[in-house]
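The values are calculated or read from the model by the stated rules, or taken from the named source; none is laboratory data. Predicted, not measured: the structure shown is a model, and the values here were computed from it. Cβ coordinates were reconstructed from backbone atoms using ideal geometry, including for glycine residues, and neighbour counts include every protein chain displayed. Surface areas here come from the heavy atoms of the whole protein model, side chains and all, with no ligands, DNA or RNA. Shrake-Rupley method; radii C 1.70, N 1.55, O 1.52, S 1.80 Å.
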Amino acid sequence: MRTRFTKYNLLFWMVALMLTSSCKSSYYQTTVSNKQMLAIDSQIAEDTTISNYILPFKHQLEDKMNEVLGYAPESMPQNRSLPESNLSNFFVDALLAIGRKIDPEVSFSMATKDGIRASLKQGDVTVGSIFELMPFENYITILELKGSDVLVLADFIAETNGQPIGNAQITIKDKKRINFTIGGQEIDPNRTYKLVTYDFIANGGDLVRGLNSPVKRFTSPERVREALITYVQELTANGKQVAGKLDGRVKIIQ
C-alpha cells in the first residue's frame with residue numbers, strides 16, 4: 001500500500017478522529033452472557049481529559065476545513081439518477097484538466113455517478129467542500145486503452161444509463177450504445193486512447209468494464225481531492241468560478 005503523508009492526508013485522519021469521537025453508536029459487550037446492550041451516546045458524561053486533548057486539533061481542523069478555495073455562483077446538487085449534471089460535468093472536466101497536466105496526450109476522462117459523494121453549495125467552496133465531494137483515498141490514474149476496450153467501456157456507460165465523461169460524447173437508447181466519440185471523433189478499434197480516472201475505477205470498482213487490460217497504466221502519487229483543491233485554487237487565481245454546465249455529452253433517446 002502506498003503511504004504518502006501530506007497536509008491533506010493529515011487532515012483526512014483528523015476528520016476521521018473527530019467523527020469517530022463524536023458519533024453515537026451502540027455496541028454489544030460479547031463477554032456478557034445475556035448480551036446486554038451498552039449504549040454509547042450523549043448520556044455518558046464527557047471525559048474532559050480527552051476533550052481538552054483534542055480541542056487544539058479540533059480548532060486547527062476547523063480552520064483548515066473552512067479555508068476558502070473559490071466561489072460557486074450556483075449550487076450543483078448531487079444526483080445519481082441523472083445521466084449528466086452540472087456537478088458531474090464539473091468533476092470530470094476538472095479530472096481531464098488534471099490528467100492533461102500529467103500527460104498532455106490524455107484524451108478523455110471518466111468517473112461514476114456513485115463516486116461523487118456530495119453536492120457543492122452556492123457560495124464559498126472550501127477545503128471541507130472538496131473533502132465532502134471526494135472523501136476517499138483515491139489516486140489520479142491514467143490508462144492507455146485499446147480502441148476496442150474503449151468501446152467496451154462505452155457499452156458499460158450505456159448499460160448504466162450514462163456516467164460522467166469529459167471530452168467524450170455518447171448517445172444511448174434502451175441502455176444500448178448508439179454512438180460514442182472522443183473529441184468529436186469516432187473510435188478506431190486499432191488505435192489507443194488515454195483515459196484519466198482514479199485507481200478505484202481502474203481497479204474494477206463500481207463494476208466498470210473495459211479497463212482491466214490497459215496497454216499502459218500510470219498511477220499518480222497525488223490523491224484526487226488534493227488535485228481538486230489545487231484545480232479550484234488555480235481557477236480562482238485565473239479569475240474563474242467553480243461551475244459546470246450541461247452540454248448534451250450524454251444523450252438518452254426515449
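Among the residues in segment 173-195, are any among the β-branched types (Val, Ile, Thr), under 18 Å from the mean Cα position of the chain (by Cα) and on the phi < 0 side of the Ramachandran plot? Reasoning before the result, please.
Narrowing segment 173-195 to residues among the β-branched types (Val, Ile, Thr): 178, 181-182, 187, 192.
The next check asks that each one be under 18 Å from the mean Cα position of the chain (by Cα); those that pass are none.
No, segment 173-195 contains no residue that is among the β-branched types (Val, Ile, Thr), under 18 Å from the mean Cα position of the chain (by Cα) and on the phi < 0 side of the Ramachandran plot.
Within segment 134-147, identify whether any single residue is among the charged types (D, E, K, R), open to solvent by 20 Å² or more (accessible area, probe 1.4 Å) and at pLDDT below 95, and answer yes or no. Even if it seems obvious, please write down each step before you answer.
Residues of segment 134-147 among the charged types (D, E, K, R): 137, 144, 146.
Of the ones still in play, those that are also open to solvent by 20 Å² or more (accessible area, probe 1.4 Å) are 137, 144, 146.
In the following step, the residues that additionally are at pLDDT below 95 were identified as 137.
There is at least one residue in segment 134-147 that is among the charged types (D, E, K, R), open to solvent by 20 Å² or more (accessible area, probe 1.4 Å) and at pLDDT below 95.
Would you please name the residue that is farthest from residue 155 (Cα to Cα), looking only at residues in segment 171-221 that are open to solvent by less than 40 Å² (accessible area, probe 1.4 Å) and among the small types (Gly, Ala, Ser)?
So, considering only residues that are open to solvent by less than 40 Å² (accessible area, probe 1.4 Å) and among the small types (Gly, Ala, Ser), the one farthest from residue 155 (Cα to Cα) is 220.
Would a scan of segment 172-185 turn up a residue that is over 19 Å from residue 147 (Cβ atoms) and out of contact with any helix residue (DSSP H, G or I) (no Cβ under 6 Å at 6 or more places or on another chain)?
Yes, the conditions are met somewhere in segment 172-185.
Condition check ((1) in a helix (DSSP H, G or I); (2) more than 30 Å from residue 144 (Cα to Cα); (3) modelled with pLDDT of 60 or more; (4) among the charged types (D, E, K, R)) across all residues:
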| site | (1), (2), (3), (4) |
| --- | --- |
| 14 | yes, yes, no, no |
| 38 | no, yes, yes, no |
| 43 | no, yes, yes, no |
| 46 | no, yes, yes, yes |
| 63 | yes, yes, yes, yes |
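Looking at segment 49-61 only, could you name the residues that are open to solvent by 80 Å² or more (accessible area, probe 1.4 Å) and either modelled with pLDDT of 75 or more or β-branched (Val, Ile, Thr) (or both)?
Our first condition is that a residue be open to solvent by 80 Å² or more (accessible area, probe 1.4 Å); within segment 49-61, this holds for 49-50, 52-53, 57, 59-60.
Within segment 49-61, 49, 50 qualify.
Return the residues of segment 91-114 that are assigned to a helix (DSSP H, G or I) and either without any contact (Cβ under 8 Å) to a residue 40 or more places away in the chain or open to solvent by less than 10 Å² (accessible area, probe 1.4 Å) (or both); say none if nothing qualifies. Outline the logic, then answer.
Taking segment 91-114 as the starting set, the residues that turn out to be assigned to a helix (DSSP H, G or I) are 91-102, 113-114.
Those that are assigned to a helix (DSSP H, G or I) and either without any contact (Cβ under 8 Å) to a residue 40 or more places away in the chain or open to solvent by less than 10 Å² (accessible area, probe 1.4 Å) (or both): 91, 92, 94, 95, 99, 101.
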